[in-house]
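One structure is given below, encoded as structure tokens.
The values are calculated or read from the model by the stated rules, or taken from the named source; none is laboratory data. It should be emphasised that the depicted structure is a prediction, and the values quoted were computed from it without experimental measurement. Glycine also receives a Cβ, built like all others from the backbone with ideal geometry; neighbour counts cover every protein chain displayed.
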Amino acid sequence: MEVLLLAAKHLRRLSFRSWVTIIGIVISVAAIVALTSLGDGLRTAVTGQFEQLGANRIIVSPGRSFELGGPLGASFSTTSLGERDLDEIRRVTGVELATGVMTKPGTIEFAGKEINTFVAGAEIDSDTIRLAMQTDDIKAEKGRFLREGDQRSVYIGSRIAYDMFEREIRLGDKLVIESRRFNVVGIQAESSIPFNNRMIRIPIDEFKDIFGIRDSEYNMIIVSVADGYDIDLVSDRITRALRRFRRVKEGQEDFEVQTTQQIISSYETLLTVVQMVVVGIVSISLVVGGIGISNTMFTSVLERTREIGVMKSIGARNGHIMSIFLMESGFLGLVGGIIGLAVGALLAFSVEFTAGLAGFGMIKVSISAGLILFALAFSFGVGVLSGVIPALRAARLNPAETLRYE
Amino acid sequence: MMSDYLTISSRNLSRRKTRTFLTLLGILIAIGALVALVSLSNGLMHSVEEVFEQMGRDKIMVMPTLAGFVPIGEQFSSYEHDAIKRVPGVIDAAAMTFKIGLAEFGGETAFVYVSGVSTDSSMRVLEDMQNLVVEDGRNLISQDRFRAVVGCRYAQGRVFSREVKVRDTITVEGHRFKVAGILECIGSEQDDTTIMIPLDVSKEVLNVDKYFSVVAQASPAFEIDEVANEVEKRIRDIRGQKEGDQDFSVQTSDQLLETFNQTVGMISVLLVALSLVSIIVAGVVIMNTLYTNVLERRREIGVMKSIGAKNYHIALLFLTEALIISLAGGLLGLGLGFGVSKIVQVVANSYLGADILIVRLDLYLFSFAMLFSIGLGMFASFYPAMKAAKMHPVDAMRE
């Protein structure tokens, strides 16, 4: 404690030079804090989008197509999943609801204009409808989702409804899909997943009719897990059941079972890597700032040579001298860290505000307790580390020599 | 005259070795980071340009409208492919099919990219376009049926645990293909894990009847943009689409290059901006060091002034000190940064298995780094130098 007070007193005396030294640390800590918190915010926004799909979902897709091509990669796949696979999955213990989706690119026409988009064939049994109700991402903004007994009905994405045609599409409008007329029964609320907004959904039987498909070939099967069951366990069970049913050996599966959590974490890993590179580059500045602290400390040791001599001659040990200087440099780092944290947070929030004005409201800065603690501990650490060599030099000074020094 | 400044300044600097060294270290690290990032992104841009140069400026790519990686536009029929061939100015046009298919080798199975490619005379267009070089064996020829050419990762045992060799048999979607050749690494995971088979065979095996893309070569006697426009118009006519409503895109090599360069350019601007933070901090360190120097040498300044030194003499003295530090820091930083990016080059190329990234130290980068470093030194020393110059001789000597 005494040591801390002494350090603080010296800092007051060294004002201008200390402050310039601190500015170096402030700049780097501010940059690190701003970029980390913005990165965290962006990551939360992205993973949040996926969580809207439902955190307890399992997605079964044909042969690695999801991994290689994303949600619609199955249109490149040579294998497919059929109704009997769906039945098999529905029988697995722990599966609450399961439904299959088929998607194909198709043309739709409205108000004399033709566009290309994704057409999805949705089952319209009770399982599917209940699953759709549970999924935030395909909630209806106007009208309703498809339902049992629907014929020539279409449920459309928000971009299709509002942006693609000269005239806004309203409930009850007629839409021509691959030269057949459909009745718009619902418009989906804007989804955070872009392709969902360009999707139109029609009953699967009509889908098969339009595209001339006899048996269902699902691009993916979406499964929800019943309450009280472990999602990873259920996912394992589905894998085993499908392996048995499709007669393939372990390691040779021609299908892929992923939980939403797995999909989210693969995106999260990518974003984390990018964030680490960015923060890593900026962290170089902290090294430079640390060098600045070393420099200041060396000068201060030089200036206080006599003082050190006096302290030593009245009985201060090497260890005492050393801790005084270490504390001082640590203090420089810490003050820089505190101010840097404030400046960085201010910077991040102003970016958030500007982004919000520009229409990117999804970026929410998050400054976690971890980040605060990390920034403070780190800047203190850098300070102490930078002070080690100057402090050692101070501690090892010979008292007789120092007193003679001018 | 100048040599006097140099002598006095370097004596001053060497009298404070530790401080000078630390300041130098700060600049060195900051300039090093800048040089490494700039040279890496320049190297990347340069390699991309080289790839496009090899591809030739005479290629026209015809693709369906994509949503990310997935086509939402209609793929191309063989009728449309023939129509492209007949556009005036088109020498030849190759077609490709594309799927994710099941491959089997040595008792293991994997889902991989499978691509059917034209094997007639137009194959040359594709070879040019994708910069394909057969490392072992031979390329596909028009008589080939169930033959395949595979990407380099098959030969490295990175797709199946056993290494694939020429004349091995690999099963694709239940059909047996004999490996005719193995490609040199291209450097992208997708290309290096693709299995290429003849176009006609791929229609049966992959169960497709449309082409994922068509690549045309334009005759040098024609203006390539006009040929591209004509290709676009021809397909629009066949599909009965209006301009702006089309579900496919036609791009020349130059247009592709431009898109790519814009992306890489944006990334490199971002990286430079990030490394600027270090540079600013280094500037603060220089300023602090010189300021300390000024304070310590008050008496000296006072003496010089009293024997007739003018304000600008004093200012020049401190500016020269900063110049020496920043010159040395800039040079060493160049060395450090370049060394780091060379190491990255070696690591990246050995991972990708191809000489994709080549970093060079050119005059442009050299002068950029040096100017930056000197500018930084001058800027940071301005305030301390002025402070020293404006000192009153009597006040300065009294301390």
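For the reader, a short list of remarks on this structure follows.
Residue-wise test of (1) surrounded by 20 or more Cβ atoms within 10 Å (Cβ to Cβ); (2) more than 30 Å from B:Glu104 (Cβ to Cβ).
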{"position": "A:Glu250", "(1), (2)": "no, no"}
{"position": "A:Leu271", "(1), (2)": "no, yes"}
{"position": "A:Ile293", "(1), (2)": "yes, yes"}
{"position": "A:Thr296", "(1), (2)": "yes, yes"}
{"position": "A:Leu302", "(1), (2)": "no, yes"}
{"position": "A:Met311", "(1), (2)": "no, yes"}
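- Boolean, A:Arg393 is more than 29 Å from B:Ile29 (Cα to Cα), part of a helix (DSSP H, G or I) and basic (Lys, Arg): no
- In summary, B:Ser77 fulfils each of the numbered conditions (1) among the small types (Gly, Ala, Ser); (2) more than 14 Å from chain A (Cβ to nearest Cβ); (3) within 29 Å of A:Met199 (Cα to Cα); (4) buried (at least 17 other Cβ atoms within 10 Å of the Cβ) with the single exception of condition (4).
- Within segment A:167-189, considering residues that are of a type in the set (D, E, K, R) and either in contact with a Phe, Trp or Tyr (Cβ under 9 Å, 6 or more places away or on another chain) or buried (at least 18 other Cβ atoms within 10 Å of the Cβ) (or both), the one nearest to A:Phe207 (Cα to Cα): A:Glu178
- Set B:Asp120, B:Asp136: member being under 19 Å from B:Ser202 (Cβ atoms), away from chain A (no Cβ under 14 Å) and not aliphatic (A, V, I, L, M): B:Asp120
- Any hit, segment A:207-223, residues being more than 30 Å from A:Ser28 (Cα to Cα), modelled with pLDDT of 90 or more, small (Gly, Ala, Ser) and crowded, with 16+ Cβ neighbours inside 10 Å: no
- A residue that is of a type outside the set (A, V, I, L, M) and farther than 30 Å from B:Ile358 by Cβ occurs somewhere in segment B:45-65.
- The residues in segment B:176-196 that are over 19 Å from B:Asn131 (Cβ atoms) and surrounded by fewer than 17 Cβ atoms within 10 Å (Cβ to Cβ) can be counted, and the count is 2.
- Being small (Gly, Ala, Ser), free of Cβ contacts under 8 Å to residues at least 24 places away in the same chain and in the same structural domain as A:Val287 (by TED's automatic domain parsing) is a property that does not hold for A:Ala348.
- Segment A:62-81 - residue that is within 11 Å of chain B (Cβ to nearest Cβ) and assigned to a strand (DSSP E or B) and, of those, modelled with the lowest pLDDT: A:Ser77
- Any hit, segment B:337-359, residues being closer than 16 Å to B:Val38 by Cβ and basic (Lys, Arg): yes
- Of all residues in segment A:13-40, those satisfying the criterion of being farther than 18 Å from A:Gly387 by Cβ and either buried (at least 20 other Cβ atoms within 10 Å of the Cβ) or of a type in the set (Lys, Arg) (or both) are A:Ile27, A:Ala30, A:Ala31, A:Ile32, A:Val33, A:Ala34, A:Leu35, A:Thr36, A:Ser37, A:Leu38, A:Gly39, A:Asp40.
- Residues (buried (at least 19 other Cβ atoms within 10 Å of the Cβ), over 18 Å from B:Val215 (Cα atoms) and within 34 Å of the chain's Cα centre (by Cα)) located in segment B:103-138: B:Ala103, B:Phe111, B:Val112, B:Tyr113
- Looking only at segment B:241-288, and only at residues there that are within 30 Å of B:Ile72 (Cα to Cα) and among the aliphatic types (A, V, I, L, M), the one that is surrounded by the most Cβ atoms within 10 Å (Cβ to Cβ): B:Val250
- Flag for B:Ile91 being surrounded by 18 or more Cβ atoms within 10 Å (Cβ to Cβ), more than 14 Å from chain A (Cβ to nearest Cβ), more than 31 Å from the chain's Cα centre (by Cα) and not in a loop (DSSP other than H, G, I, E, B): yes
- Residue within segment A:357-379 that is assigned to a helix (DSSP H, G or I), closer than 21 Å to A:Asn295 by Cα and not hydrophobic (A, V, I, L, M, F, W, C) present: yes
- Contact map, segment B:343-356: first residue surrounded by fewer than 17 Cβ atoms within 10 Å (Cβ to Cβ), second residue among the polar types (S, T, N, Q), Cβ cut-off under 7 Å, separation 6 or more or different chains; pairs are B:Asp355/B:Asn349.
- Residues being more than 10 Å from every other protein chain (Cβ to nearest Cβ) and crowded, with 22+ Cβ neighbours inside 10 Å are represented in segment B:26-33 by at least one member.
- Among residues that are closer than 27 Å to A:Val282 by Cα and within 24 Å of the chain's Cα centre (by Cα), B:Thr263 is included.
- Options B:Ala322, B:Ala309, B:Ala315: the member that is assigned to a loop (DSSP other than H, G, I, E, B) and outside the structural domain of B:Lys85 (by TED's automatic domain parsing): B:Ala309
- Residue within segment B:241-248 that is under 35 Å from the mean Cα position of the chain (by Cα) and part of a helix (DSSP H, G or I) present: no
- So A:Val92, is it part of a strand (DSSP E or B) and under 33 Å from the mean Cα position of the chain (by Cα): no
- Checking the stated criteria, B:Ser306 turns out to be of a type in the set (S, T, N, Q), touching a Pro at 6+ places or on another chain (Cβ under 6 Å), in contact (Cβ under 8 Å) with a residue 40 or more places away in the chain and surrounded by fewer than 21 Cβ atoms within 10 Å (Cβ to Cβ).
- Once segment B:197-208 is narrowed to residues that are closer than 18 Å to B:Asp120 by Cβ and out of contact with any Lys or Arg (no Cβ under 6 Å at 6 or more places or on another chain), the residue that is surrounded by the fewest Cβ atoms within 10 Å (Cβ to Cβ) is B:Glu204.
- Filter result (basic (Lys, Arg) and within 13 Å of chain B (Cβ to nearest Cβ)) within segment A:98-143: A:Lys104, A:Lys113
- In summary, B:Phe318 fulfils each of the numbered conditions (1) hydrophobic (A, V, I, L, M, F, W, C); (2) within 13 Å of chain A (Cβ to nearest Cβ); (3) closer than 29 Å to A:Ile284 by Cα; (4) buried (at least 20 other Cβ atoms within 10 Å of the Cβ) with the single exception of condition (2).
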